[in-house]
Amino acid sequence: MMKIQTSTRDRPRAAHKSLDAAQLRAVAELFAVLSEESRLRILQILQGGPASVGELVERSGLKQANVSKQLGILLSADVIDRRQDGNRAIYSIKLPMIFDLCDLVCRGVARQAAERAAALGGAPEKAKF
């Protein structure tokens, strides 16, 4: 009988090249940028398309000062782009691979929750991603 792999721990790891110090620093900096909930909320909104600061404030529920601060951090990290449209700044995603990364993390979190719930004898709530 063939064993079905249920966890990434069961899978052999693909060979990969080690990162040098500069590459590791760049990866750590990107993860640091993505570690703030309000920045993730802004990115989730921008995934639907470009938006102005006012639209991001309205749709995120965050205060304008916080949205502006988080946009500055995302811009500095080259995760988003900004263009002027008259007197409005319009923001869009510059680094779309972050959504692949977020999807991977979300699926991992959902899988861990399901495994914990199964171990405790309960059924987890359905995750909505």
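We did not get these values from a lab; they are worked out from the coordinates using the rules stated. Not measured: the values here are computed from a predicted model. Heads up, the Cβs are rebuilt from the backbone with ideal geometry, glycines too, and the neighbour counts pull from every protein chain shown.
Here the spin labels are modelled as points 7 Å beyond Cα on the Cα-Cβ line, and at Cys102 and Ala118 they lie 2.8 nm apart. The H on the amide N of Ala89, modeled in the peptide plane, is under 5 Å from the matching H of Val53, each at least 5 residues off or on a different chain.
In terms of other Cβ atoms within 10 Å, Ser60, Ser35 run from fewest to most in the order Ser35, Ser60.
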